[in-house]
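A.B. asks: What follows is a single structure, and I will ask about it in a moment.
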Amino acid sequence: MWTPVKLNNGKTYDYGFGWFLNQIRGHKIIEHGGAWQGFTTHISRYVDDKLTVVTLSNLDSAHSHAEEIAHVVAGTYIADVKPLPPPNAIPDKEPAVTQRFRDLISGLAQGSIKSEDLVGDAARNLSEENRKDYREFFDDLGPAQKLELLERKEEDNLRTYRYRVTFERQTQNLFFKLDQGDKIADFGLE
């Protein structure tokens, strides 16, 4: 039940029967969250430390931060798992890529993203229902005011960019991945 699933390509993914299998600085965590009709939950089981934290909220997932709250609470009991301060921005040596990411966020917010720019997971995740969800999500945040590059890495023929985006009402960490042909292969919220 809490064993990472084995993928067809032989690799594993840290997910087993509805539970995410994570580690924070060597402390094993089995966790999952959920949201439904304005309510949000999260359970984090620090199995080796014999600690479980459950967060229940009557706010929607865009506003509750249930997982973050669970980890902060756990950090008061286990010093090693206390959340780290936000990472520092790194120099942005590819301003055209950052502008492309800004355009992606703007396009998602306005519902005007071009499907031909997307491949793989990015294309699959852009159903009409998801487009509506993205518009509502970004509408709640307000306009993006500042983008800071946190990480750039290359892996499996993809370039991954992580950004801290300061919106009018909230700051979020988002990522996107470009393939070798500069198509957007994946994007999302961290």
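Read the figures in this text as sums done on the coordinates, not as results from a lab. Since we're looking at a predicted model, the values are computed, not measured. Because the Cβ atoms are built from the backbone with ideal geometry, glycine has one as well, and the counts that use them run over all protein chains shown.
A.B. asks: With each pseudo-label sitting 7 Å past Cα toward Cβ, what's the Leu189-Arg25 distance in nm, one decimal?
C.D. replies: 2.6 nm
A.B. asks: Using a 10 Å cut-off around each Cβ, can you sort Tyr163, Tyr134 from fewest to most neighbouring Cβ atoms?
C.D. replies: Result, fewest neighbours first: Tyr134, Tyr163.
A.B. asks: Continuing with this model, one more query. May I have the extent of the alpha carbons of the chain along their three principal axes, as whole Å values ordered from largest to smallest?
C.D. replies: Dimensions of the chain along the principal axes of its Cα atoms: 48, 40, 35 Å.
A.B. asks: Sticking with this structure for a sec: Which residue, Phe17, Phe39, Phe137, has the most motion in a Gaussian network model of the chain that connects Cα atoms within less than 10 Å?
C.D. replies: Phe17
A.B. asks: Would you kindly work out the equivalent ellipsoid of the range 129-178 from its C-alpha gyration tensor and give its semi-axes, the square roots of five times the eigenvalues, largest first in whole Å?
C.D. replies: Details: eigenvalues 106, 47, 6 Å².
In descending order, the three semi-axes are 23, 15, 6 Å.
A.B. asks: Would you mind checking Lys132/Lys183; Lys114/Lys146; Lys28/Lys50; Lys28/Lys177 for any pair whose Cα atoms are more than 20 angstrom apart?
C.D. replies: Numbers: Lys132/Lys183 22 Å; Lys114/Lys146 23 Å; Lys28/Lys50 10 Å; Lys28/Lys177 28 Å.
Pairs exceeding the cut-off: Lys132/Lys183; Lys114/Lys146; Lys28/Lys177.
A.B. asks: Then there is this: Starting with the fewest neighbours, write out Trp19, Trp36 ranked by other beta-carbon atoms found within 10 Å of each beta-carbon.
C.D. replies: Details: Trp19 17, Trp36 9.
Ascending number of Cβ neighbours within 10 Å: Trp36, Trp19.
A.B. asks: Taking the Cβ of Lys132 as the centre, find all other residues whose Cβ is under 14 Å away and add up their charges (Lys, Arg: +1; Asp, Glu: -1).
C.D. replies: Numbers: positive: Arg131, Arg135; negative: Glu128, Glu129, Asp133, Glu136, Asp139, Asp140.
In short, -4.
A.B. asks: For Thr171 and Glu154 in the same chain, what is the full-extension length gain: residue separation times 0.36 nm, less their Cα-Cα distance, in nm? Present the calculation step by step, with values, prior to reporting the outcome.
C.D. replies: Working: separation 17, 0.36 × 17 = 6.12 nm, distance 2.50 nm.
3.6 nm is the gain from fully extending Thr171 to Glu154.
A.B. asks: Stretched out fully, how many nm does the piece from Phe39 to Ala89 gain, at 0.36 nm a residue minus the Cα gap?
C.D. replies: In short, 14.7 nm is gained.
A.B. asks: Around Lys177, under 13 Å between beta carbons, what's the net of Lys plus Arg minus Asp minus Glu among the other residues?
C.D. replies: Values: positive: Arg100, Arg152, Lys153, Arg159, Arg162, Lys183; negative: Asp117, Asp121, Glu151, Glu154, Glu155, Asp156, Asp179, Asp182, Asp186, Glu190.
Summing Lys/Arg as +1 and Asp/Glu as -1 gives -4.
A.B. asks: Compute the distance in nm between two label points, each set 7 Å from the Cα along the Cα-to-Cβ direction, one at Thr12 and one at Asp103.
C.D. replies: It works out to 4.1 nm between the two label points.
A.B. asks: What is the spin-label model distance, in nm, from Ser127 to Asp49 if the labels are put 7 Å beyond Cα along the C-beta direction?
C.D. replies: 3.7 nm
A.B. asks: A further question on this structure: Between the range 100-131 and the range 24-77, what is the C-alpha centre distance in whole Å?
C.D. replies: So the two Cα centres are separated by 29 Å.
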